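Undergrad: The structure is given below, and queries will be raised subsequently.
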Amino acid sequence: MKVENILEYQKLDVELYKIEKQINENPNKKMAEQLHENMRVAQARSVKLEEKAKELLNEIDKVKKQCKIQEDKLNEFLSMNVEKMSKTDVEKLSNLKDKLNQNLTILEKNLTTLAENMNAVLADFNKTIKTFNNARDEYAKRKNAYETEIKKIEKDKLEINKRLSQIALSVDVEIMEAYRKKRSEKVFPVLVPLKGKFCGGCNTELPLAILTNLSKDGITTCEHCRRLVYNTQQ
């Protein structure tokens, strides 16, 4: 089997490989991807902080209602005429008033703690929103820069793909399928020369049976790395 066509295909594919690598490793692309992830994290955090703020508001509302109840009860007892009460009733009223005052003190402390927590949540929320906005703005810049850079090489990529499609028509179907499969697995180069009795890709010695087939067909598959090995003397 003649290997000139598949070698020509791979030679051109090397150019495409370099372009793909240039695209994938573009610093603006990588930064845009990181910024997009930062935006996603910030957005998710802002949602959780909103939920936390709602919970705190509900707790604050409950505590305020309890404070109002205790204050009303205390005012009710304070308005009573103790002169008409017995000593025992006065003592009971005094103890009850102390208990109400204690309850109010506890509720006020709880309210203060909740308010502090709410302020912390709001501060965190504002910081998260700022982080999101900054990431969004920088993401837009990086994305635009990346797209501008890629436009310059997309034409070359398109032209190479057209030429590859044309060359592929002259390559044995099975060889072409094997090449594309290996290429999709990020193995490159796919086609390597025979070096003595060794695979030019992984340096594994090829069995005699495979070497015999190689001498006949001009191309075979390495059992170790699955690359296509061709005989340079064909």
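Values quoted throughout were computed directly from the atomic coordinates according to the rules given, and no laboratory measurement underlies them. Treat the numbers as computed from the prediction; the structure is a model and nothing was measured. FYI the Cβ positions are ideal-geometry reconstructions off the backbone, even for glycines, and counts take in every protein chain you see.
Undergrad: List, in the order given, every pair from LYS30/LYS52; LYS130/LYS186; LYS18/LYS216; LYS162/LYS186; LYS64/LYS97; LYS29/LYS127 whose Cα-Cα distance in the structure shown is over 28 Å.
TA: Long pairs (Cα-Cα over 28 Å): LYS30/LYS52; LYS130/LYS186; LYS18/LYS216.
Undergrad: Of all beta bridges DSSP finds with both residues in the chain, what is the antiparallel percent, to the nearest 5? Please list the in-between numbers first.
TA: Numbers: 6 of 9 bridges.
In the chain, approximately 65 percent of DSSP beta bridges are antiparallel ones.
Undergrad: I would also like to ask the following. Quick one: grab the alpha carbon gyration tensor of the chain, order the square roots of its eigenvalues as a ≥ b ≥ c, and give me rounded if a/c is under 1.5, else prolate or oblate depending on whether a/b is larger than b/c.
TA: prolate
Undergrad: What is the fewest-to-most order of ILE150, ILE175 by other Cβ atoms lying within 10 Å of their Cβ?
TA: Numbers: ILE150 16, ILE175 22.
So the ranking, lowest neighbour count to highest, is ILE150, ILE175.
Undergrad: What nm value, rounded to one decimal, do you get for the distance between GLU76 and GLU205 when each label is placed 7 Å out toward the C-beta?
TA: 10.1
Undergrad: Quick one: dipole size for the stretch 177-230, taken about the Cα centre, charges +1 on Lys/Arg Cβ and -1 on Asp/Glu Cβ, in debye to the nearest 20.
TA: Dipole of the stretch 177-230, to the nearest 20 debye: 200 debye.
Undergrad: In the chain, which Cys residues have no partner Cys with a Cβ closer than 4.7 Å?
TA: CYS67
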